[in-house]
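The structure appears below as structure tokens.
All of the numbers you see were taken from the coordinates with simple rules; none came from a lab. Quantities reported herein were computed from a predicted structural model and do not represent experimental measurements. Don't worry about glycine lacking a Cβ; one is built from the backbone with ideal geometry, like all the others, and counts go over all protein chains shown.
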């Protein structure tokens with residue numbers, strides 16, 4: 001039986017994008033019980049359709065997929081919409097597609113349920129040698145502040161290639177560790193890079209939950225090999241695909 005819950009009162013747009021899929025029994029707090037100000041922003045701007053024991057979240061906001069996925073990640077296994085997810089002319093069309101694709105989607109959700117997410121931060125640990133006390137007043141002070149800001153911008157730009165190279169090395173080393181662990185380094189790991197402050201990067205890694213020890217070993221080995229000025233820090237585990245929210249928040253900010 002097909003059911004559909006409209007999470008907002010507005011009329012459906014001409015085209016609906018797929019955001020994410022999860023099990024139908026995993027339900028957020030009913031949005032109808034909240035005022036608009038209390039409802040989760042991402043979910044209040046989406047529709048939820050159900051079929052074959054699954055729930056598909058859809059909407060018309062290009063940024064909605066990351067926002068909805070990140071919001072739902074803490075509630076249970078959630079599958080972000082990929083390129084194989086089409087656009088829909090109506091919620092009924094979305095329901096029909098969900099019913100037809102139920103078996104492989106359910107299998108993928110089971111795979112996600114066995115994964116955890118870890119965040120690796122890559123930062124510049126070298127001190128930036130800039131004059132921190134500009135002259136006390138006048139044009140000389142403004143000139144010194146402008147010079148300091150330019151120096152900080154140059155330092156960030158200079159560090160970014162090192163951060164990107166470090167993120168690639170972390171991912172490559174971790175995939176090798178995954179293969180040694182018995183996992184499929186390509187199929188069992190998903191990664192997302194996101195720019196961070198001061199030219200750094202955040203690397204989110206989705207992997208089999210028991211691989212936390214392997215990731216910690218990789219970070220310890222690499223930090224000594226990447227050279228001075230590159231600091232690595234790992235944290236987690238988090239629910240799978242929490243990094244979708246990370247990317248959404250960075251886009252918003």
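I'd like the distance between the alpha-carbon centres of the stretch 55-82 and the stretch 190-218, rounded to an integer number of Å.
Distance between centres, Cα-based: 21 Å.
Given the stretch 196-237, report the % of alpha carbon pairs whose separation exceeds 12 Å. Present the calculation step by step, with values, prior to reporting the outcome.
Values: 560 of 861 pairs.
In whole percent, the long-distance tail amounts to 65.
If R₀ is 22 angstrom, what is the calculated FRET efficiency for the pair residue 102 and residue 61, using the beta carbon separation as r and rounding to 0.05?
Working: r = 25 Å, r/R0 = 1.15.
Efficiency computed from Cβ-Cβ geometry: 0.30.
If we sort 189-195, 222-228 on the protection proxy, mean other Cβ atoms within 10 Å, highest first, what's the order? Could you put the intermediate results ahead of the total?
Numbers: 189-195: 17.0, 222-228: 12.3.
The packing order, highest mean first, is 189-195, 222-228.
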